[in-house]
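Below is one structure, written out as structure tokens; the observations come after it.
The values are calculated or read from the model by the stated rules, or taken from the named source; none is laboratory data. What you see is a predicted model; the values in this text were computed from it and never measured. No Cβ is skipped: glycine too gets one built from the backbone with ideal geometry, and neighbour counts run over all protein chains shown. SASA here: full protein model, heavy atoms, side chains in, ligands and nucleic acids out. Shrake-Rupley method; radii C 1.70, N 1.55, O 1.52, S 1.80 Å.
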Amino acid sequence: MSPRIAVILPCYNEEAAIAKTVGEFRAALPGAAIYVYDNNSSDGTMRVAAEAGATVRTERMQGKGHVVRRMFADVDADIYVMADGDATYDASAAPAMVERLLTEGLDMVVGARVHEVAQAYRRGHVLGNRMMTGVLAGLFGRSFTDIFSGYRVFSRRFVKSFPALSRGFETETEISVHALELRMPVGEVETRYFARLEGSHSKLSTYRDGLRIARTIATLYRVERPILFFGWIAAALAALSILLAIPLALTYWQTGLVPRLPTAVLSTGLMLLAFLSGFCGLILDTVVRGRREVRRLAYLAVPGPLAVRDEQR
């Protein structure tokens, strides 16, 4: 008996490409159930997807993160194949990605995009991808080469332990962080990435999503490494306090007086804030550790891909 495979496709105004996407995944994974989750499309995406043979559902809260949360909560399967509905991902790579996940007992396999034409992947997005990859490598000691890829294969254990708190396209970053934070076994497979079909338009904005990337970087440091985040703030406040205090100390050494009382008060206040920031980092680091342990236990409560594979034999 084969494992249950679900292909989950988040969609927003993909009338021009969804039929091709569904058809290609049905050909690549004949036994898989294909779900299209529509996110308030104003075109005929739902109709075309249904005519192509997919199970069509809706998520009214706008944003890819909301759709991913809904898909992961609703769909029940042993293996989940997630891709976009714009026909840019190579569906023929899915069987190899599924096989690797089962053979090696992985919880996630990422389809690292290799674009064949310049129009498929904009330069601003390439730069943002590299920046975030470097940040994750610095935070967790390892990362992926394409953390923004929307083409991924998941185990049931991953999907049912993933909190899915993001609202928009930053959900791919949250997915990557979840895997790295819990030290899950993961892998990458290079897959072709195609330009969009005529009539299909990207929903991404280089500048808007660039700001989201910067905000995500700051949030990652604050949430995942609070001792570093608040430690740097404490160090900056302490350094400023010392710089202000040096002239005061020299004057006091020479005259025994402190003529610039407001500066002395400011220096003292900055040093107190530095200590408070440092202690906040220490306390939050303990909280993060406890939260990580709880998430790890939730992850271990679900059977892994090797257990699923052995049950099917």
_Kirkwood Rh and Cα-based Rg: tell me the resulting Rg over Rh for segment 209-250, rounded to two decimals._
1.27
*What ranking, highest mean first, results for peptides 215-224, 34-43 when packing means the other Cβ atoms within 10 Å averaged over each residue?*
34-43, 215-224
*For the chain, modelled as a Gaussian network with Cα springs under 10 Å, which listed residue fluctuates most, Arg212, Arg69, Arg60?*
Arg60
_Environment charge at Ala6 (Cβ cut-off 14 Å; Lys +1, Arg +1, Asp -1, Glu -1)_ = +4
*How much net charge surrounds Ala52 when only other residues with a Cβ under 15 Å from its Cβ are counted (Lys, Arg +1; Asp, Glu -1)?*
-3
_Can you compute the charge dipole magnitude of the chain about its Cα centre, using +1 on each Lys and Arg Cβ and -1 on each Asp and Glu Cβ, nothing else charged? Give it in debye, rounded to the nearest 20._
860
*Would you mind counting up the charge near His66? Only other residues with Cβ under 9 Å from its Cβ, with Lys and Arg at +1 and Asp and Glu at -1.*
+4
*With +1 on each Lys and Arg Cβ and -1 on each Asp and Glu Cβ, and nothing else charged, work out how big the dipole of segment 233-296 is about its Cα centre, in Debye to the nearest 20.*
380
*Could you do me a favour and compute the accessible area per residue for segment 1-114, 1.4 Å probe, result in Å²?*
36
*Once the piece of chain linking Thr255 and Arg295 is laid out straight, how much longer is it, given 0.36 nm per residue of separation minus the C-alpha distance between them?*
8.4 nm
*Report, in order of residue number, the helices in the chain meeting two criteria: a C-alpha extent of 20 Å or more along the helix axis, and a mean Kyte-Doolittle hydropathy of at least 1.0; treat each whole DSSP H run as one helix.*
226-255
*Taking all protein chains as present, what is the carbon and sulfur share of the accessible area of the chain, in % to the nearest whole number, probe 1.4 Å?*
62
*Percentage of Cα-Cα pair distances in segment 215-309 greater than 16 Å, rounded to whole percent?*
68
_At 37 °C and a viscosity of 0.692 mPa s, what translational diffusion coefficient does Stokes-Einstein give for segment 225-280, taking Rh as the Kirkwood radius over Cα pairs? Give it in µm²/s as a whole number._
278
_Just to verify a number: FRET efficiency for Asp43 and Phe275, C-beta to C-beta distance, R0 = 51 Å, to 0.05?_
0.35
*Which whole-number value in Å³ per residue fits the convex hull of the alpha carbons of segment 40-168?*
146
_Once R0 is set to 41 Å, what does the formula 1/(1 + (r/R0)^6) return for the Cβ-Cβ distance between Arg208 and Val287, expressed as a FRET efficiency to the nearest 0.05?_
0.85
*Would you kindly calculate the mean projected area, averaged across all directions, of the convex hull enclosing the Cα atoms of segment 9-98, in square nanometres?*
5.3
*Spacing of the two label points (7 Å from each Cα toward its C-beta) at Glu190 and Thr263, in nm*: 6.1
*Looking at the P(r) of the chain, how many percent of alpha-carbon pairs lie beyond 25 Å?*
56
